[in-house]
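Shown next, in structure tokens, is the structure this report addresses.
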Amino acid sequence: MSDLHLLRDERPIEGRLFFATPWGKKELPDGSVFDFDAFYENELKATAEAAGFTPVRADNIYGPQSVMTPIWRGIQQAEIVAIDFTLRNPNVAMEYMMAMLIGKRCVYLTQDPDDIPTDVRGRLRYIRYSDRYQDVSRMREELRNQLVAIRSEPAVEMALVPMAAGGTDPVPATVITVTSEFAVIEASGGRRGVLGNADVDYNRIVPDMTRLYSIGDRVTGAFDVDTGGGMKYTLLAGIPNPWPRLRTEFPSGTTISGLVRRTRDGIGAFVEVGYGIDGLIHVSSLAGRVLTAGDQVVASVIRVDSDRRRISLALDRVVAATGPVTPSETLGDGLADLRPGQRLEAEIVKVVRQGEGGYLLVQLPSRRKPAMLHSSAMTPALRQDLAKDDVEAGEILDVEVLRIDATRDRVTVRDLPESTPS
């Protein structure tokens, strides 16, 4: 969304109904294939037109701009927005965020209620459907009735061009919806903004915003409006972004001397690098050493990844230790600290793709030897990412311990869906 300026500059058009839906043919969790394009053309579009609306979908309004620009325009111009949460499509989630940002009146559809974001599932009235004739017929009737009912409700939307461009405007606000990547917030007076996962902490990209925020939480940040008209809500207003300087000053191979600021079992030691940012010496490179907060170390920079806000370090030597530097019992087998059914965060340390399957090796807290996450124990979303080579070492997963084999010193785990509470 970096090239998209979420500034309200289009008025709603009476009778315009924008559909935020998955596109094309997609595989469902049961293995069947569903044609969302045909469903839109034959069912959704026909129902909207019968109810007196002009249906619009993003692929109908492409222009020379990026794909998100016509989507933003289409949502602004819509009288009502229909959102299909099926398969937790990330583009649909983004379009839902945009509709919430403006304050659009919405109607919701899904094939599986579990695909609706957990924070709003209990608050939304949704229409459930499938490809069965009876379900499609019922969907048509419910959609038509909801469109008529919603149309009679008063519209309270973001005003056109709510702020002058340039500068920041500090203001407390309340979270009104949250997904894994962003939260929509509302300040007094009805002004809304998007708090993205990159606008919380310069030390990291928050992997799951739902772990930090819930509906009703109060935040104190600022509406940040740049000179190009882009608007967002951020907790980092007025704080210089250190990553361009870090990338320039600490190229690969640079030697640094710093203090260990904190450690994390099974992950490693975080060492100050500069500008308030820490680098990670991963546990796999410690060679049995134990580092504690306060240790003075010399380390080499492996990589500065400003996009993911990560600095990878390799330990050269310990200059001054606050405790003994001995082989770690904690990072030994660690089996005594684990039990079947236990839920943990784990870091991917190796990715192996084998045809349509494969496995991941993941680092668990308090255990040096990685655990096995086989494709058969993955959620459909992770399995698809693995098949598309879209899984990388360093990513953090929520996992559950399946089996512990003390004889062979092996642990197997399964990954948990994003909506599963920790």
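Structure notes:
- Verdict on Asp114 being touching a residue at least 60 places away in the same chain (Cβ under 8 Å), part of a helix (DSSP H, G or I), out of contact with any Leu (no Cβ under 9 Å at 6 or more places or on another chain) and in the same structural domain as Ala82 (by TED's automatic domain parsing): yes
- Hey, Gly268 over 21 Å from Leu195 (Cα atoms), crowded, with 16+ Cβ neighbours inside 10 Å and touching a Phe, Trp or Tyr at 6+ places or on another chain (Cβ under 9 Å) or not: no
- Exactly one residue out of Gly276, Gly294, Gly323, Gly288 is touching a Phe, Trp or Tyr at 6+ places or on another chain (Cβ under 8 Å) and either modelled with pLDDT of 85 or more or farther than 28 Å from Val391 by Cβ (or both), and it is Gly276.
- Filter result (without any contact (Cβ under 8 Å) to a residue 60 or more places away in the chain and either over 21 Å from Ile116 (Cα atoms) or surrounded by 18 or more Cβ atoms within 10 Å (Cβ to Cβ) (or both)) within the range 199-224: Asp199, Val200, Asp201, Val206, Met209, Tyr213, Arg218, Val219, Thr220, Gly221, Ala222, Asp224
- For Val391, the conditions (1) at negative phi; (2) not in a loop (DSSP other than H, G, I, E, B) all hold with the exception of (2).
- Just one of the listed residues (Leu124, Leu101) is at pLDDT below 85, assigned to a loop (DSSP other than H, G, I, E, B) and aliphatic (A, V, I, L, M), namely Leu124.
Rundown of residues vs (1) at pLDDT 85 or above; (2) outside the structural domain of Gly288 (by TED's automatic domain parsing); (3) surrounded by fewer than 16 Cβ atoms within 10 Å (Cβ to Cβ); (4) farther than 20 Å from Asp409 by Cα, yes/no style:
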{"position": "Asp307", "(1), (2), (3), (4)": "yes, no, yes, yes"}
{"position": "Arg343", "(1), (2), (3), (4)": "yes, yes, yes, no"}
{"position": "Glu347", "(1), (2), (3), (4)": "yes, yes, no, no"}
{"position": "Gln363", "(1), (2), (3), (4)": "yes, yes, no, no"}
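The values are calculated or read from the model by the stated rules, or taken from the named source; none is laboratory data. For clarity, every value in this text was computed on a predicted model and none was experimentally measured. Don't worry about glycine lacking a Cβ; one is built from the backbone with ideal geometry, like all the others, and counts go over all protein chains shown.
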